[in-house]
Amino acid sequence: MPFKDILAFKPWSLKSMTLRNRIVMAPMTRRKAAEDGIATDEIRQYYERRAQGEVGLIISEGTGIDGVHSFDTATVPRFETPEQHAAWKRVVDSVHEAGGAFAPQLWHCGRLASNPIGPCDDQLSDRPDGTPRPKIRGMNSDDFKQVLNAYISAATASIEMGCDALEIHGAHGYLLDSFLSPSNNTREDEYGGSLENRMRFPLEVVRAVREAVGPDFPVIYRFSQWKVDDYKELKFQNSSELSQWVLALRDAGVDILHVSTRDANDVAFEDEDPKKTLAGWSRDLSLLPVIAVGKVSVTLPMDKAYGEVKDTVADPWPKLKLLEDEEADLIAVGRALIANPNWVQTVRDGHWQDLTSFDKSLLADLH
Ligand SMILES: Cc1cc2nc3c(=O)[nH]c(=O)nc-3n(C[C@H](O)[C@H](O)[C@H](O)COP(=O)(O)O)c2cc1C
């Protein structure tokens, strides 16, 4: 079947959001905002180019929800003040003018922030260059309130500025994910211990966001098995644990699950099913639409992407086929969209071999 006829390039809609195709730009931190967390005009143009390249839904790079604990570098854009909102609004307007849809990724770095908080007091080992990392402070009841309020304000701002959806970053070892992780969360109160307790704070965030945005605005939740400081961690040992989590997300008000895997074709629980991916399991168990992600049209896995080995372009079909196989509803493209703002047009028109391969040097500029 020619690429132009596959599901990936057909429109899709949910609640108030309509997408011209099912290709999503994966959230990718660029750390190129102004020091006051304001998304610059260069950032606006970077997203505008992907919208002009016909991406269906653009999910922003992680944008910090507050000015105290949420970010790891001053040049991470933020989503807190009227000036920061105005800058994002210019991005949203440009994406809309080019026919795209836009969702900010609301990010709290938690344990990995420059001023870190987390489920418990903790100390990460020194950075590779030998400099010590700041001590992580375990969250108290004031912190819980402050973080919830920051999510509520950011969610309200997303609606006010005309975003099409929002994504809660609950993946990769950052704040919400660290609550789920038994190794990061050793609290002895109702927020730690059993899976039910470890899910409690992320679910409180989802419920607060849902209440802030009302029933018709799509809320996406991104989660992962892996985290940046431990690629091998498995939060869900089997489908029954995963089921508990995805059903709880659905009940709390999530509309779309963004299942962050490093390779979208990876099998999730081999002993239970020799083929099914984490996206496929999440979709079947929750009956929610799912975004799959990981290694679309790239060859190197994430942990090798910044090394000396050069990447080469791969056939995107094995990933795009996940939509035909009903393992996912939308597919997110990460590194390949940094290298190819017109990825959608190139692949849809049958020319994936002409894509530019991803190279870490592309991260130096916003092109
Ligand atoms: C430069 C870069 C920055 C990233 N920043 C984020 C981020 O801010 N939030 C997030 O959830 N994932 C982030 N990721 C992960 C991507 O969203 C995506 O899941 C990952 O790159 C796998 O997709 P790919 O193989 O198509 O690149 C980042 C990845 C890259 C390459």
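Every number here is computed from the coordinates shown, using simple stated rules; none is lab data. No experiment lies behind these values; they were computed from the predicted model shown. For neighbour counting, all protein chains shown are included, and Cβ atoms are generated from backbone atoms with ideal geometry for every residue, glycine included.
Here is how the numbers come out for the structure above:
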quantity	calculated
Volume of the Cα convex hull of the stretch 273-343, divided per residue and given in Å³	106
Computed FRET value (nearest 0.05) for TRP317 with LYS145, which takes r as the C-beta separation and R₀ as 56 Å	0.70
Distance (nanometres) between label positions extended 7 Å along Cα→Cβ at ILE159 and LYS15	0.9
Förster radius 35 Å - calculated FRET efficiency between LYS4 and LEU124, Cβ distance, rounded to 0.05	0.15
Between the stretch 81-108 and the stretch 151-222, the alpha-carbon center distance in angstrom	20
Rounded, prolate or oblate (a/c below 1.5 giving rounded, otherwise prolate when a/b exceeds b/c) for the stretch 228-322 by Cα gyration tensor	prolate
Rg/Rh (Cα only; Kirkwood hydrodynamic radius) as it applies to the stretch 99-255	0.97
Positive minus negative residues near ASP354 (Lys, Arg vs Asp, Glu; Cβ under 14 Å)	-1
Calculated Rg and Dmax of the stretch 3-364 using C-alpha coordinates, Å	19.1, 55
Centroid-to-centroid separation of the stretch 285-322 and the stretch 6-52 [C-alpha atoms, Å]	18
Rounded to 5, percent antiparallel among DSSP beta bridges of the stretch 3-364	20
Fraction in percent of alpha-carbon pairs per bin - 10 Å, the stretch 1-102	16, 42, 28, 11, 2, 0
Viscosity 1.567 mPa s, temperature 4 °C, Stokes-Einstein D of the stretch 303-352 from Kirkwood C-alpha radius, µm²/s	104
